[in-house]
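Structure, as structure tokens:
Each value in this text was obtained by applying a stated rule to the coordinates, not by laboratory testing. In this text, all values refer to a predicted model and were calculated from it rather than measured experimentally. Reconstructed Cβ throughout: ideal geometry from the backbone, glycine too, with neighbour counts over all protein chains shown.
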Amino acid sequence: MRDDLKIVWDVPPTPPGLVGRVERFMGPGTSPAEWAVGGAGLVVCGFLLVAGTAGSADWRGWSGLQCTVVVLVGLDLVGGVLTNATHAAKRWYHRPGPGRRRARLLFVTAHLGHLLAVGLIVLSGDWRWTLTHAGLLLAGAVVVEFTPLHLKRPVAMGVLMAAVLVDLFWLDAPAALGWFAPLFFLKLLVCHLVPEAPLERGRRPDA
């Protein structure tokens, strides 16, 4: 490890009000570099996702509501992958304390709303697609969360690949949504649930 990089687990204080709530959602202590990478990644990858999806034949057959859901869900997943991969988010969501495991699983469970929006609105009530993805998400989250620390990353990668392969070969979804499963399971099972040591420059590490 470089001498100017330290593992820092102590969470920096956050201001009151809306700014503090945003920081606590994104991860207190997000560095300017992390903000820059996240912003640039959201612009570039968000543009590629929207442009690619809008250029497909499926897009031309969707209603305005269906297109809106696809764009909003896609941008949320792109931004969520980038945000949950930061050192600040890793430190915040994996900090010690009672109820942290439940909080992480609740965060994952809240994304069932994404599946309902896509399955019921974009795919016009495809319950097979919706329930299969829901089962993969919840089962995968429990497996990753209760896996020993030293095995979490490879287990999460394995569950991610299994979910993507099920989506590709056994579920009937339009090609324009081919990005959904990789980004969805990457955000939640790998970026959110796998802890990593938060590295920083210029702050004192834990005593």
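Here are some notes:
- Criterion: within 24 Å of Ala89 (Cα to Cα), hydrophobic (A, V, I, L, M, F, W, C) and in contact with a helix residue (DSSP H, G or I) (Cβ under 7 Å, 6 or more places away or on another chain) - qualifying residue of Leu149, Leu171, Leu199: Leu199
- Residue among Val164, Val144, Val155 that is surrounded by 16 or more Cβ atoms within 10 Å (Cβ to Cβ) and in contact with a Pro (Cβ under 7 Å, 6 or more places away or on another chain): Val164
- In this structure, Leu149 does not satisfy being touching a residue at least 40 places away in the same chain (Cβ under 8 Å), in contact with a strand residue (DSSP E or B) (Cβ under 7 Å, 6 or more places away or on another chain) and not acidic (Asp, Glu).
- Filtered residues of the stretch 110-145 (kept if part of a helix (DSSP H, G or I) and under 30 Å from Ile7 (Cβ atoms)): Ala110, Gly140, Ala141, Val142, Val143, Val144, Glu145
- Tally of residues being buried (at least 16 other Cβ atoms within 10 Å of the Cβ), part of a helix (DSSP H, G or I) and of a type outside the set (D, E, K, R) across the stretch 167-193: 14
- If the condition is being buried (at least 21 other Cβ atoms within 10 Å of the Cβ) and farther than 22 Å from Leu106 by Cβ, then the stretch 50-73 contributes Thr53, Val70.
- Filter pass, Val19 being farther than 17 Å from Gly79 by Cα and part of a helix (DSSP H, G or I): yes
- All helices (runs of 4 or more DSSP H) inside the stretch 22-104 with 1 or more residues being under 26 Å from Val118 (Cα atoms) and in contact (Cβ under 8 Å) with a residue 12 or more places away in the chain: 32-54, 57-61, 64-84
- Within the stretch 129-150, the presence of at least one residue that is closer than 19 Å to Asp58 by Cα and either in contact with a Gly (Cβ under 8 Å, 6 or more places away or on another chain) or among the β-branched types (Val, Ile, Thr) (or both) is confirmed.
- For the stretch 70-99, a residue qualifies if it is of a type in the set (Gly, Ala, Ser) and on the phi < 0 side of the Ramachandran plot, and the qualifying residues are Gly74, Gly79, Gly80, Ala85, Ala88, Ala89.
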